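Single-structure report; data block below.
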Amino acid sequence: MRIDVLTLFPEILEPVLKESLLGKAIEEELLEIVLTNPRDFTQDRHRTVDDTPYGGGAGMVMKCEPLFAAIESLKDRNSLKRVIHLSPRGRRLDQDLVKELAQEKDLVLLCSRYEGVDERVVEGIVTDEVSIGDYVLSGGEVPALVLIEAISRMLPGVIGDWESVETDSFFNGLLGIAQYTRPQTFREMSVPDVLMSGHHEAIRRWRRKEALRVTLQRRPDLIDKLVLTKEDNELLAELEAERSRTEKEIQP
Ligand code: ADE
């Protein structure tokens, strides 16, 4: 997959793209990331990329000409089918959108700064706006990194052990469960017995139940969206029985 990123601050992204799983994915050519600076597509002596907003108001707005020129320069190598502007007013990023975008052959990510971009860029060449959450950052660079890292985990070969992707929070619509490693007992806190039992079927069932338990407690909205299996319904009934039992113990 190829991702072109348009940014006035490539230095923010460069070091992150060199490290860990992302760095390895790029080195192994599972993912190609190309950074382009719209400032290189300006025509004036000052290399101007922004200007004051028509109608007045605070801040500066990124200009049309360098952004159109920078995006159109990618035409030979990028289909421009998905040109994504990172913006707090965009569609909220979730794992479904990550999976959808990971299917594309190429993407363009546009990182804006200042008060945003001239609306004609959004109307004329951007296809999607994506937000990483309901808060405002100073620019789209960190959101672009978030998106790139989430997408990279979905690409074949990036995560050696696919099972670890399948147990990620949200991958199967549930939150991830608690994990343990040696030692078996630490400061009088012990690992759940079932994990030490070597009984694979019991462990699988326990993990599914724990995933349902934690999701029910913290994000019941995710359970509502889930297609429940017969086993899930049994496990949810067990959780409900456990809950009413503890309630009775507290208020006999
Ligand atoms: N740019 C600034 N804030 C952002 C956010 N929350 N998501 C995506 N892009 C942004």
For Leu147, are the conditions met, namely being buried (at least 19 other Cβ atoms within 10 Å of the Cβ) and more than 9 Å from the ligand (Cβ to nearest atom)? no
Out of the residues in the stretch 88-99 that are surrounded by 16 or more Cβ atoms within 10 Å (Cβ to Cβ) and over 23 Å from Leu30 (Cβ atoms), which is farthest from the ligand (Cβ to nearest atom)? Gly90
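Tell me which residues, restricted to the stretch 180-212, are of a type in the set (D, E, K, R) and either without any contact (Cβ under 8 Å) to a residue 12 or more places away in the chain or outside any helix (DSSP H, G or I) (or both). Please lay out each step first, then the result.
Residues of the stretch 180-212 of a type in the set (D, E, K, R): 182, 187-188, 193, 201, 204-205, 207-210.
If the condition is that a residue be of a type in the set (D, E, K, R) and either without any contact (Cβ under 8 Å) to a residue 12 or more places away in the chain or outside any helix (DSSP H, G or I) (or both), then Arg182, Arg187, Glu188, Asp193, Glu201, Arg204 are the ones that fit.
Here's the yes/no breakdown for (1) assigned to a loop (DSSP other than H, G, I, E, B); (2) among the small types (Gly, Ala, Ser); (3) surrounded by 13 or more Cβ atoms within 10 Å (Cβ to Cβ); (4) in contact (Cβ under 8 Å) with a residue 40 or more places away in the chain:
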residue: Leu101; (1), (2), (3), (4): no, no, yes, yes
residue: Val108; (1), (2), (3), (4): no, no, yes, yes
residue: Tyr114; (1), (2), (3), (4): yes, no, yes, yes
residue: Val122; (1), (2), (3), (4): no, no, yes, no
residue: Val130; (1), (2), (3), (4): no, no, yes, yes
residue: Ile151; (1), (2), (3), (4): no, no, yes, yes
residue: Glu163; (1), (2), (3), (4): no, no, no, no
Run down Leu67, Leu137, Leu80 and say which single residue is over 25 Å from Asn172 (Cα atoms), away from the ligand (no atom under 15 Å from the Cβ), part of a loop (DSSP other than H, G, I, E, B) and not basic (Lys, Arg). Leu80
Select from the stretch 152-204 the residues that are over 18 Å from Thr215 (Cβ atoms) and of a type in the set (Phe, Trp, Tyr) and list them in ascending order. Trp162, Tyr180, Phe186
List the pairs whose first member sits in the stretch 1-28 and is over 21 Å from Arg39 (Cβ atoms), whose second member is small (Gly, Ala, Ser) and assigned to a helix (DSSP H, G or I), and whose Cβ atoms are under 8 Å apart, counting only residues at least 6 apart or on separate chains? Met1/Ala102; Leu21/Ser152; Leu22/Ser152; Ala25/Ser152
Residue that is farthest from Leu80 (Cα to Cα), among those in the stretch 1-23 that are surrounded by fewer than 16 Cβ atoms within 10 Å (Cβ to Cβ) and among the charged types (D, E, K, R): Glu19
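We did not get these values from a lab; they are worked out from the coordinates using the rules stated. Given the structure is predicted, the values throughout are model-derived calculations rather than measurements. Because the Cβ atoms are built from the backbone with ideal geometry, glycine has one as well, and the counts that use them run over all protein chains shown.
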